[in-house]
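Worksheet: the structure to be examined is printed underneath.
The values are calculated or read from the model by the stated rules, or taken from the named source; none is laboratory data. All figures in this text were calculated on a predicted structure; none of them were measured in a lab. In this analysis, Cβ positions are derived from the backbone assuming ideal geometry, glycine residues included, and neighbour counts consider all displayed protein chains. For the accessible areas, the whole protein counts, side chains as well, though only heavy atoms, and no ligand, DNA or RNA atoms are used. Shrake-Rupley method; radii C 1.70, N 1.55, O 1.52, S 1.80 Å.
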Amino acid sequence: MNTSVPPFANNTPFCYSINSPPFSYQPSIASAYFSAIFTTLGVTSNLIAFVVLVKSFRRTNSRSRSFLIFLGSLVVTDTMGLLVTGSIVISFHVTHFNWRQLDPKCHFCNFMGISMVFYGLCPLLLGAAMATERFMGINRPFARSTKIPKSRTVCMVSMVWLIAGSIALLPLTGFGSYHMQMPGSWCFFNISSKGNDLAFSLLFSLVGLMSISVSFLLNTVSVVTLIKVCCGQDRTQRSREHEVEMMVQLILIMVIASICWCPLLVFIAQTVLSGGPLETKLLLLWLRFASFNQILDPWVYILFRRAVLKRIYPRFNWSRRSIMTMYPSFSDTLRRLTRSSLGSTPEPNEAAEAQK
């Protein structure tokens, strides 16, 4: 499979102790063309999304700007992740450089491992933070001021980056370790069932899965509350079209993250807990699958906006009142379900009908 030397023989640096370059095969999935197309498509999509978000930020009200700051942070993080990791992988396939000659002290390999962990956890943690922000905005509207200070949102984003960065730096302290991975174009933490490598692998997997779980739980509660607002007693309140739009985007982000990342996170946890050998082909497959998250995310902001949907269906009235009046039976059913699930009291007319 490779021309690796025995661990620690001939003063082998630690990051090359498991897989030591050069390697004797080149899988097609790691071709330069695939990596270049993948990186270019992802960066282009995120740049388009960033332009859309900047324009939306300028013309939106203050209530929605905190959510747009989260989206912008997610776009910037995805773009940087693609540029950093993609440029290293593409350079390897184009030049076929020898890692041990270029990076004898493992600094470059550690940098890529840190980048892989940091830019992998950030979208998941940001998704959980966005779900928390929307949960507070929809379920606790009076707990916050009308104008949400941007400094609070920036502080939350900075906290997410700090948490992801702290986790990514742990292998440098001995809690886990970064190693060269097959086919020799990238570095990642050692997925092993021994010692600190086991603990760090579980930490990475559990943090990702917990972020997805928190997003799912909070988004579910927010959707139920939003349905109650649209269909319940207070349906005559001001229009909440912008909140519906944000929830649709947030749910799609959560679904994409779950589909793309869960296979890799579960695979890592299953591998280290079972104690079996690491299946390199499955690791490469699920890692490439997770990378699609950075390409699909920006198209949520680009396509799923009211301005775009109104252009696709110009004759449709997108007001909340018209949607609910088109399907009165559906509206009544949702109102009963949300009221019973949230413990609300029935309307006078419904109580009178129930007594007959």
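Here the stretch 191-226 is the region considered, the condition is being at pLDDT below 90 and not in a helix (DSSP H, G or I), and the residue that is least open to solvent (accessible area, probe 1.4 Å) is Ser192. Of the numbered criteria (1) farther than 27 Å from Thr153 by Cα; (2) open to solvent by 20 Å² or more (accessible area, probe 1.4 Å), the one Arg58 fails is (1). Just one of the numbered conditions (1) within 21 Å of Ser185 (Cβ to Cβ); (2) open to solvent by 20 Å² or more (accessible area, probe 1.4 Å); (3) hydrophobic (A, V, I, L, M, F, W, C) is not true of Val255: (1). Close contacts from the stretch 30-56, counting a first residue that is within 26 Å of Val94 (Cβ to Cβ) and a second that is of a type in the set (Ser, Thr, Tyr) and open to solvent by 80 Å² or more (accessible area, probe 1.4 Å), with Cβ to Cβ under 8 Å and a gap of 6+ residues or different chains, come to Phe34/Ser28. Check whether at least one residue in the stretch 71-78 is open to solvent by 30 Å² or more (accessible area, probe 1.4 Å), not charged (D, E, K, R) and not in a helix (DSSP H, G or I), and report yes or no. No, that holds for no residue. Only one entry in Leu124, Leu162, Leu218 is without any contact (Cβ under 8 Å) to a residue 12 or more places away in the chain and under 17 Å from the mean Cα position of the chain (by Cα), namely Leu162.
A search for C-beta distances below 6 Å between a residue of the stretch 275-298 that is within 23 Å of Thr40 (Cα to Cα) and at pLDDT 90 or above and any residue that is assigned to a helix (DSSP H, G or I) and of a type in the set (Phe, Trp, Tyr), counting only pairs 6+ apart in sequence or on different chains, returns Trp286/Phe267; Ala290/Trp261.
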